[in-house]
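Only one structure is covered here, and it is reproduced in the block below.
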Amino acid sequence: AIEQILSLCCQEGEEWGLQSRTCSSFNKSLELVPAGLHGLCLSTIEICCSKQHKIYQCTAGQIAARQGLSCSLKGDHSGSEFYTDCCEACKIGLVVGSSANKCSVEPFAFGSPWDEIYDACCNDIKKEGEIILLSGNDERECLFARVFFFSHTFASLLLRLRHLLCEQFPSICSQVCENVEGGSYVCKCHPGYELLDDRKTCALSKASFCDAGFKHNKRTDKCEDVNECETGEATCNPDSQVCRNTRGSFLCVDVVLPDIACDPGYTPKNGKCEGKKKVETCTPGFRRHNDQCVDIDECAADRNACDSNQVCTNEIGGFRCDCKIGFNLDTVTNACVDINECQVNAHECLETQRCDNTIGSYTCIRLQSCGTGYTLNAETGHCDDDDECALGRHNCRPPFECFNTKGSFRCRQLSRYHTLTSTSTSTTTSTTTVRPSYNPAGYGHYPASRYSSYQPQLPPCGIGFERNSAGACVDIDECARGASCHRHQQCINTNGSYRCRDLLTCPVGYRVNDDITECLDIDECATGEALCGPDQTCKNKKGGYVCVCPPGHMIGRNKRCEDIDECAMHGSKVCQQNSNCVNTIGSYRCDCKEGFKNGPNEMICTDVDECKEIPGLCHQRCLNYWGSYRCGCHPGYRISYNNRTCDDVDECEEYKSANLCVGICENTPGSYSCRCPHGYKLGADGRSCIDIDECETGDVCRGRQDICTNIGGSYRCTTIDCPYGYKHDPDRRNRCERSNKYCNTGDMECLRRPHSYSYNFLTIVSNILIPPEGRGLFTLTGPSHFQMIDFDLKLVSVDAAPHVKPVDIHYFGLEKRTNDAQLNLKKSIEGPQDIELELSMSVFHNGELYGTNVAKLFLMISAYEY
């Protein structure tokens, strides 16, 4: 049936469309198709091949739109216009869907297939986070194919797209999406943002609040200076400049090339001294000296360049302030504050010592007593020897003097006395001394009782000591005598003094409550201890306070409030992409870009719907999208150079290579129509031309011996007149047989006369495609019981139109076999032209001619290629 043949031809066209870029290059053999239907089959092949190319190019166009690629296809590709149309329709759908607008194209429409592509891409981008993974037998694969209007012939292409999830679902991540092998993906964030727990959404990270030139340290949760010279972010000229890092920035310092010393007034350039122009001005951080710019040592010039808790370090063209050891930078107040080493466990005190914080450092206090004869030194933490002699704690009596030793003392005899008695066994040495006897004149001795004992005046005891009944200096127990410690403190007596130890020790910024049960925060803002400026608000916090600037301000280096340039600090993060950020005192504003306007919230810009607000803006269709609009045209029209009016598309001329019509293409406003030449009728598809077989429609050839031959677009009536000595074969209208069927033995003249003539009529379309092996036209078969049969081909005549190249014998080939021969067409023939060939067959028996037959072939080449 004709339907089966056309289905077979269409299948051939679809397969060819998958293999070749052009449908016109089809060169396969049509062995299974009857010769009379070759033209119709080739037309069907071209239609199905073109359809396949359109589906493929439309699919490729959608993929390009989702990947953000151009909608212009370079090179010659069949169906490339569908690539552009589907790509543009998909891009419009993506824009509309991403702007939270409805995807409906009512009340206007683009037409088919644009409406379907637009709707698919628009609705797809609304399904944020919805992933459809493709597997071999998953039902969702079919759903995926339906959504994107992919043909079943592109199943292999769909499976390859499983590795491009980010391109197919651009809203799957809030910022950056990266494909991962195995059909998955991973979401990442732009600098200054961090990924939330849902692993999709990005939020402003703490690092984004660091000033320019600083980066966030996650371990310390602080902003640290970025050394642009080391990270490569500096833009200095490596040939003539040296990078010097500064706090929050960097400097590019010009350097003189090696071995180049120029006189004053000359400037080194590329290793040479050029010019004689005096230096008039210097860049900040440098000063003029002897017509040269030299670095200013800001640390030496201004001792107050940094505050008392900072160390000033000079750098080329600037300086930096670093916190001293024991201090850390407070990012809120931008000041160096003391580090409580005891609280953060950053001290090196022993287990036998207590850590006490000090400004910029800490001290280790010994917890154990030093023992008799020693006193704890609070500054060094060591036990210092007590000098009992100096402190008056000894019990030496004249003529002995006190001599200090480590942890004790000794009573040593004065040099002008001699000892009469030795020390006793007690710890206190007791001696008795007398003045030496003196008798210059030989007088008798005076009795000893005439001299009294020597009693010198004792020195006063040190502070915190008093003499006991024995005259020794002993420690005063101030705690027992009611020393003045607070009620939440415990009095501890020490040698020569006492100290008050808190029963409850509170950290800095806290005080003990009246019941001595807990530490209460000190409200420095209420007590007046806070040191905030007049334009700042004091805000108490646990253990301290902060000075808060008005909204839109921050504390600068001089501890005053300075306006925050939100635009410079955060860039595009404060305003949407459809607006420009403008800094104001204490705030900022977002100025809408062209195509947008401020809504109720001045920080948010809404789209201007130009299509509604400007009547008659577009000639045919107006499509509003985010930030602008676009004029569109009805199918069959193209937007003009002014992007507003529509010009008719001459489809017949522009798509000539696409063969819109098999016959004649006629352009119409907004479309085109196909018509066929005389002798053809328009097919059901509106573009194919089907030949009218006049031979079957009526009695067109009326002669008794006429043969009607249908030709593309026409027909031919041929009268068969048998040669002299021949008569018409009553069984075959196209055959003449010899009147005398038999010849006498040896009558060569009779044997050479053909036994019969057959008249064969073949019609071929112009420029028919010829496969490499040739196209078979006619086969002449002889009897199989003869040993030898010879065949011969002759070109009898050619009648070609004036503008058509006539054929020659080389257009044909004769393939001989044992008892038959096939006539093959080796080259494509241009029509119209008529060709007469003669194929003769000679039969031999026992080496002698047995008889001949002649087949006359009349080839009629039509004027059309269909």
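The values are calculated or read from the model by the stated rules, or taken from the named source; none is laboratory data. Bear in mind the structure is a predicted one, so any value in this text is a computation, not a measurement. Positions of Cβ are backbone-derived with ideal geometry, glycine not excepted, and every protein chain shown enters the neighbour counts.
Taking segment 213-268 as the search range and keeping residues that are within 20 Å of Arg288 (Cβ to Cβ) and acidic (Asp, Glu), which one is modelled with the highest pLDDT?
Checked segment 213-268; the qualifying residue modelled with the highest pLDDT is Asp254.
Evaluate segment 542-562: report whether one residue or more is out of contact with any strand residue (DSSP E or B) (no Cβ under 8 Å at 6 or more places or on another chain), surrounded by 12 or more Cβ atoms within 10 Å (Cβ to Cβ) and among the hydroxyl-bearing types (Ser, Thr, Tyr).
no
Output the residue which, of all residues in segment 276-290 that are at pLDDT 60 or above and exposed (fewer than 15 other Cβ atoms within 10 Å of the Cβ), is nearest to Gly360 (Cα to Cα).
First, pick out the residues of segment 276-290 that are at pLDDT 60 or above: 280-290.
In the following step, the residues that additionally are exposed (fewer than 15 other Cβ atoms within 10 Å of the Cβ) were identified as 280-281, 283-284, 287-290.
Values: Glu280: 45, Thr281: 42, Thr283: 37, Pro284: 33, Arg287: 36, Arg288: 39, His289: 40, Asn290: 43 Å.
Once the filter is applied, the top-ranked residue is Pro284.
Strands (runs of 3 or more DSSP E) wholly in segment 457-561 with at least 1 residues that are touching a residue at least 24 places away in the same chain (Cβ under 8 Å) and touching a Phe, Trp or Tyr at 6+ places or on another chain (Cβ under 8 Å) - which ones? Write out each step before concluding.
Working: elements: 465-467, 473-475, 489-494, 497-502, 510-512, 519-521, 537-541, 544-548, 553-555.
Filter on segment 457-561 gives 473-475.
What single numbered condition from (1) closer than 18 Å to Gln52 by Cβ; (2) surrounded by 21 or more Cβ atoms within 10 Å (Cβ to Cβ); (3) at pLDDT 75 or above fails to hold for Glu81?
(2)
Please go through segment 677-720 and give me each residue that is among the charged types (D, E, K, R), surrounded by 11 or more Cβ atoms within 10 Å (Cβ to Cβ) and either in contact with a His (Cβ under 8 Å, 6 or more places away or on another chain) or over 23 Å from Leu37 (Cα atoms) (or both), ordered by number.
Initially, segment 677-720 is screened for residues among the charged types (D, E, K, R), giving 681, 685, 687, 691, 693-694, 696, 699, 702, 704, 706, 716.
Checking the rest, the ones that are also surrounded by 11 or more Cβ atoms within 10 Å (Cβ to Cβ) come to 681, 685, 687, 691, 693-694, 706, 716.
Asp706 - this is the single residue of segment 677-720 that is among the charged types (D, E, K, R), surrounded by 11 or more Cβ atoms within 10 Å (Cβ to Cβ) and either in contact with a His (Cβ under 8 Å, 6 or more places away or on another chain) or over 23 Å from Leu37 (Cα atoms) (or both).
Given the criteria under 28 Å from Asp115 (Cβ atoms) and either part of a loop (DSSP other than H, G, I, E, B) or in contact with an Asp or Glu (Cβ under 8 Å, 6 or more places away or on another chain) (or both), does Gly61 qualify?
Details: under 28 Å from Asp115 (Cβ atoms): yes; either part of a loop (DSSP other than H, G, I, E, B) or in contact with an Asp or Glu (Cβ under 8 Å, 6 or more places away or on another chain) (or both): yes.
So Gly61 fits the description; yes.
Just to be sure before I move on: is Leu94 assigned to a helix (DSSP H, G or I), over 35 Å from the mean Cα position of the chain (by Cα) and of a type in the set (A, V, I, L, M) in the structure I sent?
No: the conditions fail for Leu94.
Just need a number here: residues in segment 718-763 that are closer than 30 Å to Pro832 by Cβ, out of contact with any strand residue (DSSP E or B) (no Cβ under 8 Å at 6 or more places or on another chain) and of a type in the set (S, T, N, Q).
Counting residues in segment 718-763 that are closer than 30 Å to Pro832 by Cβ, out of contact with any strand residue (DSSP E or B) (no Cβ under 8 Å at 6 or more places or on another chain) and of a type in the set (S, T, N, Q) gives 0.
Conditions tested, residue by residue: (1) touching a His at 6+ places or on another chain (Cβ under 9 Å); (2) modelled with pLDDT under 75; (3) surrounded by fewer than 12 Cβ atoms within 10 Å (Cβ to Cβ).
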| residue | (1), (2), (3) |
| --- | --- |
| Ala346 | no, no, no |
| Cys364 | yes, no, no |
| Thr372 | no, no, yes |
| Cys389 | no, no, no |
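Go through segment 786-810 residue by residue and tally those that are surrounded by 14 or more Cβ atoms within 10 Å (Cβ to Cβ), without any contact (Cβ under 8 Å) to a residue 40 or more places away in the chain and in a strand (DSSP E or B).
Final tally of qualifying residues: 2.
Contact list please: Cβ distance under 8 Å, first residue in segment 367-380 and over 16 Å from Arg499 (Cα atoms), second residue assigned to a loop (DSSP other than H, G, I, E, B) and modelled with pLDDT of 70 or more, pairs at least six apart or on different chains.
Final answer for the pair search is Gly371/Gly407; Thr372/Gly407; Gly373/Asp386; Gly373/Lys406; Gly373/Gly407; Tyr374/Asp386; Tyr374/Gly407.
Give the residue that is farthest from the chain's Cα centre (by Cα), with candidates limited to residues of segment 791-841 that are over 22 Å from Pro772 (Cα atoms) and hydroxyl-bearing (Ser, Thr, Tyr).
Checking each candidate, the answer is Ser840.
Given the condition in contact with a Pro (Cβ under 7 Å, 6 or more places away or on another chain), in a strand (DSSP E or B) and surrounded by 14 or more Cβ atoms within 10 Å (Cβ to Cβ), answer yes or no: does some residue in segment 763-783 qualify?
no
Quick grid of which residues meet (1) polar (S, T, N, Q); (2) at pLDDT below 75; (3) closer than 25 Å to Gly670 by Cβ:
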position: Glu106; (1), (2), (3): no, yes, yes
position: Ser112; (1), (2), (3): yes, yes, yes
position: Asp119; (1), (2), (3): no, no, yes
position: Ile131; (1), (2), (3): no, yes, no
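Looking at (1) of a type in the set (A, V, I, L, M, F, W, C); (2) touching a helix residue (DSSP H, G or I) at 6+ places or on another chain (Cβ under 9 Å); (3) over 30 Å from Pro459 (Cβ atoms), can you tell me which one Leu350 breaks?
It is condition (2) that Leu350 fails.
In this structure, does Ser657 turn out to be of a type in the set (Gly, Ala, Ser) and surrounded by 13 or more Cβ atoms within 10 Å (Cβ to Cβ)? Before the answer, list the steps.
Values: of a type in the set (Gly, Ala, Ser): yes; surrounded by 13 or more Cβ atoms within 10 Å (Cβ to Cβ): no.
No; evaluated as a whole, the condition is false for this residue.
Can you spot a residue in segment 843-860 that is assigned to a loop (DSSP other than H, G, I, E, B), in contact with a Pro (Cβ under 8 Å, 6 or more places away or on another chain) and not small (Gly, Ala, Ser)? Even if it seems obvious, please write down each step before you answer.
As a first pass, look at segment 843-860 and keep what is assigned to a loop (DSSP other than H, G, I, E, B): 846-847.
Keeping just the survivors that are in contact with a Pro (Cβ under 8 Å, 6 or more places away or on another chain) gives none.
No - not one qualifying residue is present in segment 843-860.
Hey, among the residues in segment 731-755 that are outside any loop (DSSP other than H, G, I, E, B) and surrounded by 18 or more Cβ atoms within 10 Å (Cβ to Cβ), which one's modelled with the lowest pLDDT? First the steps, then the outcome.
So the first thing to find is which residues in segment 731-755 are outside any loop (DSSP other than H, G, I, E, B), and the list is 735-738, 748-752.
Still in the running and surrounded by 18 or more Cβ atoms within 10 Å (Cβ to Cβ): 735-738, 751.
Working: Arg735: 93, Cys736: 94, Glu737: 92, Arg738: 90, Leu751: 83.
Ranking the candidates gives Leu751 first.
Would you point out the residue of segment 296-316, among those that are in contact (Cβ under 8 Å) with a residue 40 or more places away in the chain and not polar (S, T, N, Q), that is nearest to Thr333 (Cα to Cα)?
Let us first name the residues in segment 296-316 that are in contact (Cβ under 8 Å) with a residue 40 or more places away in the chain, namely 309, 315-316.
Add one more test, that the residue is not polar (S, T, N, Q), and what stays is 315-316.
On the way: Glu315: 25, Ile316: 27 Å.
Across segment 296-316, the extreme among qualifying residues is Glu315.
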